[in-house]
Amino acid sequence: MSVEGKLDFVRVLVSYFIPPVGVFMQVGLGVQFWINLVLTLLGFVPGIVHALWVISSTGPGGRESSTSTSTFVALLLAGLFPPVAVFMRRGLGLKLLINCVLCLLFWLPGILHAVWVVCNAQRR
């Protein structure tokens with residue numbers, strides 16, 4: 001995995017907990033950051049959704065990404081239903097089995113694994 005892929009994983013994780021920081025890491029102190037800050041102050045979930053949209057739709061250098069919608073949906077599902085997100089990206093296989101076991105035993109590691117798979121799969 002490239003350095004950019006690892007940074008996307010970190011940005012997504014930060015966006016689940018502190019959405020404005022994830023947006024800042026992606027686009028800086030631009031309009032999107034201020035929109036996200038207001039959304040997060042008004043309601044935490046809209047801030048997370050907006051942060052994931054900004055991260056998935058903005059590629060390196062601020063360019064629009066061509067796979068933004070599918071990545072956005074996969075990142076949302078990774079936080080809600082991790083095995084579904086892994087299935088969307090990898091289909092049936094070992095990664096899905098690992099994710100199901102992680103989700104059955106411990107929900108948070110299942111989410112982390114799903115986010116990792118989604119961020120790693122978008123680079124291929």
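Hey, any hits in region 20-34 for a residue that's assigned to a helix (DSSP H, G or I) and small (Gly, Ala, Ser)? Step through it out loud before you land on a result.
Quick first cut of region 20-34, residues assigned to a helix (DSSP H, G or I) only: 20-27, 31-34.
Pick out the ones that are also small (Gly, Ala, Ser) and you get 22.
Within region 20-34, one or more residues are assigned to a helix (DSSP H, G or I) and small (Gly, Ala, Ser).
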- The correct count of residues that are closer than 11 Å to TRP107 by Cα and more than 11 Å from the chain's Cα centre (by Cα) in region 70-84 is 4
- Query: Taking the stated definitions as given, is GLY61 within 30 Å of LEU104 (Cα to Cα), at pLDDT below 95, among the small types (Gly, Ala, Ser) and loosely packed, with under 15 Cβ neighbours inside 10 Å?
  - Reply: no
- Message: Which count do you get for residues in region 101-115 that are buried (at least 16 other Cβ atoms within 10 Å of the Cβ) and in contact with a helix residue (DSSP H, G or I) (Cβ under 6 Å, 6 or more places away or on another chain)?
- Response: 7
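The values are calculated or read from the model by the stated rules, or taken from the named source; none is laboratory data. Since this is a predicted model, take the numbers as computed values, not measurements. Neighbour counts are summed over all protein chains in view; Cβ atoms, including those assigned to glycine, are modelled from backbone coordinates with ideal geometry.
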